[in-house]
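Readers should treat all values here as calculations from the given coordinates under stated rules, not as data from a laboratory. Note that the coordinates shown come from a computational prediction; the quantities given were computed from them, not determined experimentally. Positions of Cβ are generated from backbone atoms using ideal geometry, with glycine treated the same way; all protein chains shown enter the neighbour counts.
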Amino acid sequence: MQTLSHWIDNQAFTTAEPVLEDINPANGEILATVPLASQETVDKAVASAVKAQQHWAATPVHKRAQVMFNLRGLIRQHQDQLVELISLDNGKTLADARGELQRGLEVVEYACGAPELLKGEHSRLVASDIDSWSEFHALGVVLGITPFNFPAMVPLWMIPMALICGNAFILKPSEKVPLAAARLGELLAEAGLPAGVFNIVHGGRDTAEALIDHVDIKAVSFVGSTVAARAIYQRAAGAGKRVQALGGAKNHAVIMPDADLENAAATLIGAAFGGTGQRCMAISVAVCVGEDTADRLIQHLLPKMDELKLSADNNQQADMGPLIDQIAVNRVNTILGEAKEQGAHLVRDGRDYAMLPAKGCYVGPSLVDKVTDSMSCYQQEIFGPVLSLVRVNELDDAISLANAHMYGNGACIFTESGAAANRFSSRVEAGMVGVNVPLPVPMAFHSFGGWKQSLFGDLHAYGPDGVRFYTKRKTVTQRWLKQTGHSTAFGQL
Ligand code: NAD
């Protein structure tokens, strides 16, 4: 068992604060104790970041980028260890953890282009003898608060982008999965990042709030549940800070009657049950259009579902791991019970899964048919291995259904019709849309974010929006007297 410390000034900062236990959800063993930062620790981490930031912002941009190149090499060199930490802490399979790290690494690679990304904009001769340009300045010290379901990827959505823009960054990782983030702190130091530019403060909600409220924190990036996203947005924006707060999701996949159902079923299995359904881009609702589409889809889904294997005790020859904790297991089981009471048909009930491991936080995969929009399993983000099927008559019914939901993170359609795909992608109210692609997670050179209650704020995470979020624009308009001696009176512009 590890005794975790905060990470301040490129070294462990150990305190005598109260601790939480970080539990391996696959077997209930304690992996680490996690300190819950006091106000004093928060103040120390922020002061260290304030001190380091000005010098870092004045460091030439290609030198800031060099740290990202170094980090990229170190993450690749230590990827097996990072993957193992992600998997142990979160419970996801090694393959899933490897995929997560890869997506995070892609943001580091994007950030290596910092000199290009931060070039600014220039206009010659906006008036006689006058040039004007916009440059992008660092905000100062910025904060990231991250969720349990992506212990490395979500921190890596934020850290590289904030750092290349000249900010110092404080990370408050999920108290449930702090191990990979702690290792990233060590790797950043090894990559040459000056002390204080990246600090980690551990803790839960109280610590997060103390950080948000700190006068020297200029911006907050948050990823987590909608309840917390809304609260953080209100709290930080109310104090005049810049905020991007990404929340929960209920991603709909529309299955048209002409879809290649074998392909749709194969990809839905990964999208609904991969990561044990604990992904903000998981497909949790399949909306089947037409009379018999749902029945035909079920025939394709069931053999694949019945082959899914749960990992036991971090045995990684499996398709699904545990849920994060017993609270999550209880939530999923309760919602399955309610679905049955409310009239849905449980084609597969994960509570009855025959081979549930004896220890750990497990639920089997569930398929719930004949779900309607009034049922709790439709309205709530279940965040577990449950795929709900809703039956509708027309494409427009499916679009209206998805648009009426409070969340709008991602949505996708399976069809052979370009016209249907176009109608869907132009009308559906979601930030990320897939056509015959179940998890339309944007690449690092685009940006990630949802609509409606899946995002509070305006700019999305990473990519071009990341650069805009972590910088403030300054536009300079400049005139120099010509040698010929023209007047400088503004009336002559
Ligand atoms: P959570 O909201 O419980 O916690 C996330 C982080 O916020 C943790 O670090 C936690 O300590 C902190 N926190 C919790 N409540 C807070 C509050 N009121 N004020 C300040 N900080 C607070 O989320 P979780 O359970 O760790 O993660 C799962 C949720 O995250 C799901 O809803 C999922 O959809 C969402 N998620 C969204 C995205 C996205 O891109 N939209 C990505 C990943 C996860």
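Exposure proxy shown here: for GLU416, GLU209, the number of other Cβ atoms within 10 Å sets the order, fewest to most, as GLU416, GLU209. DSSP beta bridges confined to the chain are antiparallel in about 40 percent of cases. Mean silhouette area of the range 257-360, derived from the convex hull of its C-alpha atoms and averaged over all directions, reads 7.3 nm². Extension gain, SER225-ALA237: 0.36 nm per intervening residue step, less the Cα-Cα distance, totals 2.6 nm.
Taking the Cα centre of the range 69-196 as origin and assigning +1 to Lys and Arg Cβ atoms and -1 to Asp and Glu Cβ atoms, the resulting dipole is close to 260 debye. Legend: distances between Cα atoms for LYS176/LYS304; LYS92/LYS370; LYS51/LYS176; LYS370/LYS452; LYS92/LYS359; LYS218/LYS474; pairs beyond 20 Å are LYS176/LYS304; LYS92/LYS370; LYS51/LYS176; LYS370/LYS452.
Charge dipole of the chain (Cα centre as origin; +1 on each Lys and Arg Cβ, -1 on each Asp and Glu Cβ, all else neutral): 1680 debye, rounded to the nearest 20. Which of rounded, prolate or oblate describes the range 48-183 when judged by the alpha-carbon gyration tensor and an a/c cut-off of 1.5? Prolate is the answer for the range 48-183, as a/c is 1.5 or above and a/b outweighs b/c. For the range 340-467, the relative contact order comes to 16 percent (Cα pairs under 8 Å, sequence separation of at least 6). With the convex hull drawn over the C-alpha atoms of the range 135-251, the volume per residue is 111 Å³. Charge dipole of the range 281-368 (Cα centre as origin; +1 on each Lys and Arg Cβ, -1 on each Asp and Glu Cβ, all else neutral): 200 debye, rounded to the nearest 20. Taking other Cβ atoms within 10 Å as a rough exposure proxy, HIS214, HIS78 sort from fewest to most as HIS78, HIS214. Using the alpha-carbon positions of the range 284-435, Rg (one decimal) and Dmax (whole number) come out as 16.3, 50 Å.
Once you reduce the range 1-76 and the range 229-285 to the center of their Cα atoms, the two points are 28 Å from each other.
Full extension of the chain between GLU190 and SER123 gives 20.1 nm of extra length, using 0.36 nm per residue less the Cα-Cα distance. The helix-only estimate of mean residue ellipticity at 222 nm for the chain, built from DSSP H runs of length n ≥ 4 each weighted as -39500 (n - 2.57), is -12000 deg cm²/dmol after division by the residue total. Note on PHE445 and LYS51: with the Förster distance fixed at 41 Å, the Cβ-Cβ geometry gives a FRET efficiency of about 0.80. Each of HIS345 and THR477 was given a label point 7 Å from its Cα along the Cα-to-Cβ line. The distance between the two points is 6.8 nm.
Sequence gap at least 6, Cα distance under 8 Å: using those rules, report the relative contact order of the chain to the nearest whole percent.
It rounds to 18 percent for the chain.
When the chain is described by a simple charge dipole with +1 on each Lys and Arg Cβ and -1 on each Asp and Glu Cβ, the residue from MET375, ALA111, PHE136 located farthest towards its positive end is PHE136.
Using a simple spin-label model with pseudo-atoms 7 Å out from Cα toward Cβ, GLN2 and ALA318 lie 2.1 nm apart. For the chain, the residue among HIS214, ASN314, VAL390 whose Cα projects farthest onto the positive side of the dipole built from Cβ charges is HIS214. Taking other Cβ atoms within 10 Å as a rough exposure proxy, MET68, MET281 sort from fewest to most as MET281, MET68. The residue among GLY463, THR226, ALA294 whose Cα reaches farthest toward the positive pole of the charge dipole of the chain, with charges on the beta-carbon of Lys, Arg, Asp and Glu, is GLY463.
Label the chain by shape, choosing from rounded, prolate and oblate, from the square roots a ≥ b ≥ c of the eigenvalues of the Cα gyration tensor; if a/c is under 1.5 it is rounded, and otherwise prolate applies when a/b is larger than b/c, oblate when it is not.
oblate
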